[in-house]
């Protein structure tokens, strides 16, 4: 009864993605698609029984079916691909008009790359940057990092001792990462692998049950203790507590060429934790990087202090239950 009654404009592959998503989400979705309105295409990718080819105008159809939302799922909109005047009339009658990218953002909590385009990003709400937002976030990071450095100092000292006793080499692992604006910085972590983990000089993702991880390293990875030195990165301003995870230059260069809009994630400071970390399991492939980028883009578009606090709360749950560790 509380679901929004919607019509999908289009019956092609994009409309089929909506149908598949709603079938997957079931009762968790707040949208009930009443049917699909064809826009002249000869190929239909949705259930033919749900196609509404009644000959009525959109305003008439929306009024008869008590529609509250129209979802635009038409790829080619040039040359009369959309009934603009009818859509305008529906909007003036109180029917919400939703772009496909905005629909996926609302339902999935991420931005779907294959439904995005530059014009939507320019015109959509969000993607705001400003001195007030940056100042509040920086003050929050300074206060919390100061408290956490004081509280976790005994844990860090004990961890350093365990690492030193188990294997030779430095206690801290320093690595170049890409931060805000594409600027490189040195990230700090407790060393969890043997010192010759990349002796061939070739960067590689960490995998499930990675043989390069030491006994102490496995424990501190599972409990996220290996991330504690990054609080110094937050304190000195290279990182924030919440933001997209920073990647190594090698991977950034590679992924920027393979995945559209990958560079957008560098418009905000990287974080110790982020929306992608709490919503998507650990990944070690280009495909995983693409899926995580969709969550990072959602964060860049919608980031706020409230969202940061929600992510930190969910991160605490992940740490307690030990999910996603490598």
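At 222 nm, what value in deg cm²/dmol follows for the chain if DSSP H runs of at least 4 each add -39500 (n - 2.57) and the sum is divided by all its residues, to the nearest 500?
For the chain, the value works out to -13500 deg cm²/dmol.
What is the helix-to-structure angle for 131-166, meaning the angle in degrees between its Cα long axis and the longest Cα principal axis of the chain, kept from 0 to 90 and rounded to the nearest 10?
40 degrees
Give me the one-decimal nm value for the distance between modelled label points at residue 23 and residue 223, 7 Å along each residue's Cα-to-Cβ direction.
With each label placed 7 Å out from Cα toward Cβ, I get 4.6 nm.
Using R₀ = 30 Å, calculate the FRET efficiency as 1/(1 + (r/R₀)^6) where r is the Cβ-Cβ separation of residue 82 and residue 250; round to 0.05.
Taking R0 as 30 Å, the efficiency between residue 82 and residue 250 is 0.10.
Quick one: which of 272-282, 289-299 comes out on top by average Cβ neighbours within 10 Å, and what's the full order, highest first?
Listed from highest to lowest mean packing, they are 289-299, 272-282.
Can you figure out the FRET efficiency of residue 172 with residue 131, using R₀ = 25 Å and their beta-carbon distance, to the nearest 0.05?
For residue 172 and residue 131, the calculated efficiency is 0.15.
What angle, in degrees between 0 and 90 and rounded to the nearest 10, separates the Cα long axis of helix 249-258 from the longest principal axis of the Cα atoms of the chain?
In the chain, helix 249-258 runs at an angle near 10 degrees to the longest axis.
What is the distance, in nm, between label points placed 7 Å from the Cα along the Cα-to-Cβ direction at residue 48 and at residue 305?
Here the modelled spin labels are 5.8 nm apart.
What does a probe at residue 259 reach in segment 83-124, counting residues whose amide N is under 11 Å from the point 7 Å along Cα→Cβ?
113, by backbone N distance to the label point.
Quote to one decimal, in nm, the extra length available between residue 65 and residue 236 on full extension: 0.36 nm per residue of separation minus the C-alpha distance between them.
55.8 nm
Which FRET efficiency value, to the nearest 0.05, do you get for residue 13 and residue 318 by plugging their Cβ-Cβ distance into 1/(1 + (r/R0)^6) with R0 = 22 Å?
0.05
Can you give me the angle between helix 305-321 and the longest principal axis of the chain, using Cα atoms only, in degrees from 0 to 90, rounded to the nearest 10?
Helix 305-321 and the main axis of the chain meet at about 60 degrees.
Between residue 106 and residue 194, 0.36 nm times their residue separation minus their Cα-Cα distance comes to what?
27.4 nm
With a ≥ b ≥ c taken as the square roots of the eigenvalues of the C-alpha gyration tensor of segment 6-63, please select rounded if a/c is under 1.5 and otherwise prolate if a/b is larger than b/c or oblate if it is not?
oblate
Need the full-extension length gain, residue 138 to residue 285, defined as separation in residues times 0.36 nm minus the C-alpha distance. One decimal, nm.
So the chain would gain 49.7 nm between residue 138 and residue 285.
We did not get these values from a lab; they are worked out from the coordinates using the rules stated. Here the structure is a predicted model, which means the values were calculated and not measured. A quick note on method: Cβ atoms are made from the backbone with ideal geometry, for glycine too, and the neighbour counts reach across all protein chains shown.
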